[in-house]
1. So for the pair residue 24, residue 63, with labels modelled 7 Å out along Cα→Cβ, what separation do we get in nm?
2. Along the positive direction of the dipole of the range 14-136 (beta-carbon charges: Lys, Arg +1; Asp, Glu -1; about the Cα centre), which of 49, 130, 107 reaches farthest?
3. Between rounded, prolate and oblate, where does the range 14-136 land on the alpha carbon gyration tensor, with a ≥ b ≥ c its root eigenvalues, rounded for a/c under 1.5, else prolate if a/b exceeds b/c?
4. In which sequence would 5, 110, 143 go, from the one with the fewest C-beta neighbours within 10 Å to the one with the most?
5. Once you've got the Cα coordinates, tell me which of 41/141; 41/136; 22/112; 29/110; 53/143; 41/63 are over 31 Å apart.
Amino acid sequence: MALPKSYLTSVKNLAAILDAIKVAQAPEKFTLRFLQSLEFKSTTDRLIVGVLKAMRFVDTDGKPTDRYYRYLDQTQSAIVLAEGIREGYSDIFQVDKNAHNLTQKVVVNKFKTLTQGQYSDGVLENMGRTFVSLCKLADFKSKPAVQPEATGDEAPKGEEGDKPPLPKDKVSLGGLHYNIQIILPESRDPKVYDALFRSLKEHLL
């Protein structure tokens, strides 16, 4: 279930904590000691660590992630925060793609349904308040200036952009491995393909 178990019992300092994170040098680990160095020493403030983990700003060990570092760019902070909210609270966005615009009362009711009675009304209220308060600080309308890079798993298109390539043949030379990709010509004559594969076999095998 993609609804964070972590929540704030008070959102009074939420905006101030996030602002302090933006202007401070990223720590090796986001610990309670680091939070205290930002002048947030209340026990209620400490709960932000779990919320940051839920939004993938820090990993399970508290180490800042790429999202944390991107958040430090103050021109992108609100956009990156929205990205983290969408991931951390993905279940409610599956129910309503505009969940960031919902009132706290509606959010609490949706959380109650999604969690199937696992949490008390008090916990649900805190979860809802945390979500709504985070959303108010985020920018869900703008797109990040730098889009995520395409992964190497994406299959390249054919010469005309819509033809799927032939599966790759692997060739090994002196410990080096090469992937050879072939785009087949348009032809209904089987002799064309027989000649092509015969040539491949002679040169590659």
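1. 2.0
2. Ranked along the dipole, the leading option is 107.
3. prolate
4. 143, 5, 110
5. Among 41/141; 41/136; 22/112; 29/110; 53/143; 41/63, the Cα-Cα distance tops 31 Å for 41/141; 22/112; 29/110.
Read the figures in this text as sums done on the coordinates, not as results from a lab. Remember, it's a predicted structure, so these values are computed and weren't measured experimentally. Reconstructed Cβ throughout: ideal geometry from the backbone, glycine too, with neighbour counts over all protein chains shown.
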